[in-house]
Each structure stands twice: as C-alpha cells, then as structure tokens.
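So the structure is just underneath, and the comments pick up after that.
The values are calculated or read from the model by the stated rules, or taken from the named source; none is laboratory data. On a predicted model such as this, the values are computed, not experimentally measured, just so you know. Just the protein is used for accessible areas: all its heavy atoms, side chains included, with ligands, DNA and RNA removed. Shrake-Rupley method; radii C 1.70, N 1.55, O 1.52, S 1.80 Å.
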Amino acid sequence: METTNFKRSKHGFFPEIINREMIISSPQTFSRHFSSSQVIVEKIDLYGKLNGHEGCVNTVEFNFNGDILVSGSDDKHVMLWNWATKTKTLCYASGHLDNIFQARIMPLTDDKRIITSSADGQVRLGEILENGQVKTGRLGKHQGRVHCLAVEPGSPHIFFSCGEDGLVQHYDLRCGSALKLFHCFSFKETNSPPLNIRLNAIIIDPRNPNYFAIGGSDEYARVYDIRRYQSDGSNVSDEPVNLFCPRHLFHSNHVHITGLAYSKASELLVSYNDELIYLFQENMGLGPSPLSLESETQLRNEEPQVYAGHRNSQTVKGVSFFGPKDEYVMSGSDCGHIFIWRKKGAKLVRVMVGDRRIVNHLEPHPCMPFLATCGFDKDVKLWAPMAGDAPALPKNLKKITESNRQNREDQSPATLAPDVIMHVVRLQRRQMFEYVERRYSRPDLESDEEDEDEDYISGLTNDITFSEEYPGENFGDCKIS
C-alpha cells in the first residue's frame, strides 16, 4: 500500500525514498512517481549536445529500449547515437535527394532497420548489414514532401506514410513495397470539387493499432480504421470513422494541423498552425463528417483542454506527451523555447531555451524523465533533471507568451482585393515553375522509372567511407496483415 505521494509533499522526495527502502512501495512505483514528479520536470535542463550534422536537424527518435537515438538532417545523412555517452556510433548517406524530415528505428529489429522520409517525396529503408555497412533502398514515393511516418507499436514490419500530395500509404517490410490506401480530400460543402488535403502528420493509436489519425491543411483531425481497407487496394474511400476539431474552428479556412500525438489512453493531442494545442478525449469525436452535424450536437460536445503560450507558425512542428502515464504535454515554439504543461489543467511548469531560432521536434525517452530536441541548430540537444538553481519558469515568461500571442494575432487572416490576390497567385506560380525547372534539370536526379528499384550501400563508421550502387531486389507483392 502506498502511503505517501511525494509529488505533493513539502518534504520533496524523502518520504517516497523512505517508503522504498522500507519496502512500503515497490521499485516500479517509486520509478513511476519519480519520473512524473513536477519537481523533477521543473529541474529538467540541458544535459548535452550531439554534434555531427552539417544542416538543420529535423527529426530525433529513441529506439524501443531508449539507449540509442537516431537523427536526420538537411544534410541528407542519418546518424545513430549513444546519447548517454554523447557519442556517434553510425553515420550513413540516406540516398535522399533533399532534406530528411523523419527517421524511425523499426522495433524488434536489433536496431538494424531505419526508415526515413524526405522533402524529395521518397520513403526509404536503411538496413545495417553484418559487415558493418548499410544498404538503402526506396520503398515508396509521394508527389510532394513527406513530413511524417507512423510505425505500428511493437511491429518490426508495419508502418504508414503521409505526404503533401494527400496520399496515405501502408508498408509491410516483409514485401518491401507500398500499398496506396487513399487520397485525403476536403469535405465537399458546395458544388465545387473537393480540395486535396496536404498531410503533415500521421499517428497510430497505441491502445488499438487498428486506428490511425492524420492531420493536414484543414481544421479536422481524421481517424481511420485500417480494417476497412483491403490488401488489393480496392477500397480507396477517404471517409474517416471519426473527426476531432475545436468548436470555434468548425468550417475554418485559415488553420491547419502540424502535429498529432496519441496518449496511452487514446487521448488525441492536436497542434494547429498559428493557433493552439488541444487535447481530445475519445468521446469528443464529431463522427465521420462535419456536414452531418446538427447544431444541438455541436453544442453538446465537451470542449477539449487547451494549451497556450507557445507559437507554431513558421515550420511544421510536432507535439508530444511526457511522463510514464503521459502526465505532461510539450511543444517547441517559434520563439526558440520548449514549453511543458501539466496535461490536467494545462498549467505551464517548465519553459526553457531550446534553440537559437525555432524548436521543431521533441522526443521523450520511453522510460526515463529525459528528452531530446532539435530545430534550426545543427545539433541534437539532450535534456535531463539537473542540479541547479535555475527557475522552472523564466522571469520574462509573461513577455515571451504575450509576444507569441501578439505575433499570432498579427498573422490573422486579412481581406485582400481580388487584383492583389491574383498578383500573388501569379507570382507564386512563376516561382514554382522556376524552382521545378532548376530542380529537375539536375543531372543527378533520375526519373521514377529509372530509380524504382535502386539501392545503395554505404560504409558504416563515424564518417561516410563510400557509397555505390547496388542491384535492386524483387520484394514481391505487399498485403495488409
């Protein structure tokens, strides 16, 4: 029986330590309470930096055990780190032609398989061979940037990708090819054709991996059931099983979703561009379509918890839970700070400088009160509880949050004259054509048909030793298991 909750004790950790030593509370209980203690969270500070990338670091992730960290960067390289000793254990050329946005270590593969996605639209696999080299090959392709990959919890084979082309794809590494599930479109309210939804985020419910959620260039977080889709790709409907959206953003046309996260209890965390972060319970869903909602139903829906103070405008930012039971919510910000709130009550408990410009991604350790972050700087930053007298909240917190709020309001939609809008559209179109002409006239960029099965092998040391073409493999047909 647990007799003391040291999170609320004015004596700090000592009652809980005594309970552990007297076997009143178990080591597991002590570890859980220790990691979720607000006192510990308030002491989180910079533990170290991992230097090695030559461009902005866009993605970091711990492996299943938490002893290895993977990172990907604008330099198109993937690195593995022993974060405890702050040493690089592996570096290889990913084979991507543009910035890496996501890198994930597949679970239960002895950390030998790493999947990546990029601004070049490719989804690639890096496989560490017995001789200490890495073979890389392309698994799938999107017609636009791919910001996010979602790995099925506990599966060494299954994951999803989503891209700015609105396409959601399903992968099974046992066959090595992608199955196109559906294209995501806006909900049709008029006779005009629906718009393509540019997808930024995809996440799988850890409590029920049959469900996955996506978010992109409109206000709705959509939840789907993979069991609705056949292995032959015959069902291509983009109708979700549920939707989530704050009431005041219904039918909004000026916000979009940049980040999603599921808690262990299937709560859905949604981060909006130039808006706020919202936490939805399972019973807050709107059903499969916002067009069928009645006003009474909308009014009956409970409002989600709101987290404010940061700013999410200039980049595609993620959002995360923190703590052994997801007791906290955390996000980066355009102001370069890391924000950590208590999940219940949304109280800010820790704010710290995490980047000289912008913090994009925060990755919690799977079992300890540590985290890794990345942003515009060319390093990965590690954070852990540290001894020191630094305040949990900066003295100028009010100035920081007020500046973020003011900047967000200054970016609110403005009404433009039709001739101004047409001028901007023509300018953007001209710039896009110039960019495409420059990019696709590069001699090193092959066509889809030419690189469909291309592979590379890279030397595996702390630096890249060589990279050469390797014959592609025939992976066979892919099916949903």
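Worth a mention:
- Given their separation in residues at 0.36 nm each and the Cα-Cα distance between them, GLU54 and VAL236 gain 61.4 nm when the chain is fully extended.
- A probe of 1.4 angstrom, applied to the heavy atoms of all protein chains, finds ARG104 with accessible area near 30 square angstrom.
- Two-decimal Rg/Rh across the stretch 247-357, once Rg and the Kirkwood Rh are taken from alpha-carbon atoms: 0.99
- Segment VAL306..ASN253, full-extension length gain: 17.1 nm, with 0.36 nm per residue of separation and the alpha-carbon distance subtracted.
- Pairs from LYS76/LYS347; LYS264/LYS399; LYS76/LYS398; LYS112/LYS141; LYS141/LYS343; LYS180/LYS317 whose Cα-Cα separation, in the structure shown, is over 29 Å: LYS76/LYS347; LYS264/LYS399; LYS76/LYS398; LYS141/LYS343
- Centre separation in Å (Cα based) which lies between the stretch 355-416 and the stretch 76-128: 25 Å
- Contact order normalised by residue count of the stretch 53-199, Cα under 8 Å, 6+ apart, percent: 14 percent
- Max-minus-min Cα coordinates of the stretch 170-244 on each principal axis give 43, 27, 20 Å, with the largest extent listed first.
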